[in-house]
Amino acid sequence: MTKEYVISSVDRIIKETGSRDPFSVCDRYGIQLYYHDIGEKLKGYYYYNRRISNIVINSNIDNEWLILIVLSHELGHFALHKNSARLFQEIELQSPNPFEVEANYFGAELLLADKDTMDVIRDTRSLYHSSSILHVPDWFLKCKINMLITKGYDDLPYMEVNSFSLRNSF
């Protein structure tokens, strides 16, 4: 799967729902959302059963931004991997599993609007300061920066990013 495909999937969902809000997207597509205590490491998972899409979010998460990140990630599985006939779970959101990486890129593309992200990056010129302002972890912002590069944004300011390659691909 390509980044271009992920971008077009997010664009389609935003066009169909009129929103980047993961809760609105779930509502519009009839995705059942549940909160359960699913342990310490698991943040959430997506599953498709009897023609019903379901997302479970760990009820122990008390950070509203982390809930949005997890939900947007699980929506990535809904949009990109629905027909893969498997239960999607991640022990860590930063898993190297290709399905999880694609869902991370989807989540970053859904939650972080291009203009807002570019404005913050231009103002701060710091990955860590930008991620703090946007209320996302630095690895999540790196996913969005990769998507901006894929879209042709070539006017990104130089930022110190601790040896992370902004052209890193999945």
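The values are calculated or read from the model by the stated rules, or taken from the named source; none is laboratory data. From a predicted model like this one, the values you see are computed outputs, not experimental measurements. Methodologically, a virtual Cβ is constructed for each residue, glycine included, from the backbone with ideal geometry; neighbour enumeration extends over all protein chains shown. To get the accessible areas, we keep the full protein, side chains included, count just its heavy atoms, and leave off ligands, DNA and RNA. Shrake-Rupley method; radii C 1.70, N 1.55, O 1.52, S 1.80 Å.
Descriptive notes on the structure:
- Scanning segment 106-118 for residues that are part of a helix (DSSP H, G or I) and open to solvent by 10 Å² or more (accessible area, probe 1.4 Å) turns up L111, D114, K115, D116.
- Segment 1-40, subset farther than 12 Å from L110 by Cα and of a type in the set (D, E, K, R), residue surrounded by the most Cβ atoms within 10 Å (Cβ to Cβ): K3
- Qualifying positions in segment 26-54 - of a type in the set (D, E) and without any contact (Cβ under 8 Å) to a residue 12 or more places away in the chain: D27
Residues checked against (1) in contact with a Leu (Cβ under 6 Å, 6 or more places away or on another chain); (2) hydrophobic (A, V, I, L, M, F, W, C); (3) on the phi < 0 side of the Ramachandran plot; (4) modelled with pLDDT of 95 or more:
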| position | (1), (2), (3), (4) |
| --- | --- |
| D114 | no, no, yes, yes |
| I121 | no, yes, yes, no |
| L134 | no, yes, yes, yes |
| T150 | no, no, yes, no |
| P157 | no, no, yes, no |
| E160 | no, no, yes, no |
| S163 | no, no, no, no |
| N168 | no, no, yes, no |
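- Residues in segment 41-66 that are open to solvent by 30 Å² or more (accessible area, probe 1.4 Å) and under 17 Å from P137 (Cα atoms): 7 in all.
- Within segment 14-25, residues that are farther than 14 Å from I67 by Cα reach partners that are at pLDDT 95 or above and among the basic types (K, R) with beta carbons closer than 8 Å, at six or more positions or on different chains, in the pairs I14/R20; E16/R28; T17/R28; S19/R28.
- Contacts under 6 angstrom Cβ, first residue in segment 128-147 being open to solvent by 40 Å² or more (accessible area, probe 1.4 Å), partner part of a helix (DSSP H, G or I) and hydroxyl-bearing (S, T, Y), 6 or more apart: D138/Y128; D138/S131
- Scanning segment 119-161 for residues that are closer than 19 Å to A103 by Cβ, part of a loop (DSSP other than H, G, I, E, B) and aliphatic (A, V, I, L, M) yields one hit, V136.
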